[in-house]
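Peer 1: Here you go, one structure.
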Amino acid sequence: ECMEEGTFGRAYADFMKCHGFHPEDRDAVRFVEDEELAYVMLRYRQCHDFWHTLTGLPPTVPGEIALKWLELFQTNLPVAALSATVGTLRLNDDEKHDLFTLYIPWAIRVGTQTSKVHLMNVYYEREFECNLEELRERLGIEVAPTPSSS
């Protein structure tokens, strides 16, 4: 909240507060014995909320699935593929329509556009004072579309 309005840090803090999240609330990484790989998975989870902030996607079932599609195109991680495909089963017909006509095309466009900057490699904590729109532009992040039914 001490960050200036319009900065990435302020938008992130507002997102976390609005949804009752805390950066340290992530569960421990399980089933990964290698210490370095466990750290990568932890960082992947931490980045998830930064990506919500950058994309404007809410932490709803459709918003989470849309973000998982972007994560899949960015990271190629099996966990993103599993979440993106299996999560679709939880959507109603209107939400599936939005996913296939709005969110997946958006995720493909942004995921391939940002290939020059791998989103897992950004040190987001050093970007907190950056203007949110400038950071989006630098990273090639386009705000997610809003369904007309919203």
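FYI, it's all coordinate maths here, none of it is from the lab. Predicted model, so just to flag it, every value in this text is computed and none were measured. All Cβ positions, even for glycine, are placed from backbone atoms using ideal geometry, and neighbour counts span all protein chains on display.
Peer 1: What are the principal axis extents of the Cα atoms in the chain, in Å, biggest first?
Peer 2: 41, 40, 33
Peer 1: Taking a quarter of the surface of the Cα convex hull of region 1-84, what do you get in nm²?
Peer 2: On the way: hull surface 24.5 nm².
Projected over every direction and averaged, the Cα hull of region 1-84 covers 6.1 nm².
Peer 1: Quick one: Kirkwood hydrodynamic radius for region 35-94, alpha-carbon pairs, angstrom, one decimal? Please report the intermediate quantities before stating the final value.
Peer 2: Values: mean 1/r = 0.0832 Å⁻¹.
Value: 12.0 Å, from the Cα pair sum.
Peer 1: Provide the net charge surrounding Glu64, with neighbours chosen by a C-beta distance below 12 Å and charges set as Lys +1, Arg +1, Asp -1, Glu -1. Write out the running numbers ahead of the final one.
Peer 2: On the way: positive: Lys68, Arg90; negative: Asp49, Glu71, Glu95.
In short, -1.
Peer 1: Can I ask one more? Using θ = phi - 60° and the Karplus relation 6.51 cos²θ - 1.76 cosθ + 1.60, list the HN-Hα couplings for region 68-74 in order, rounded to whole Hz, with x at every Gly or Pro.
Peer 2: Rounded to whole hertz, the list is 4, 5, 4, 4, 4, 5, 8.
Peer 1: Another one. Amide H neighbours of Thr7 under 5 Å, at least 5 residues apart or on other chains, H built in the peptide plane: list them.
Peer 2: Leu132
Peer 1: Can I ask one more? So how far, in whole Å, is the C-alpha centre of region 22-36 from the one of region 50-81?
Peer 2: Using only Cα atoms to place each centre, the spacing works out to 18 Å.
Peer 1: Arranged from highest to lowest average of other beta-carbon atoms within 10 Å per residue, in what order do the peptides 103-111, 56-64, 90-98 appear? Could the numbers behind the result be given before it?
Peer 2: Numbers: 103-111: 19.0, 56-64: 17.0, 90-98: 13.9.
Packing proxy ranking, top to bottom: 103-111, 56-64, 90-98.
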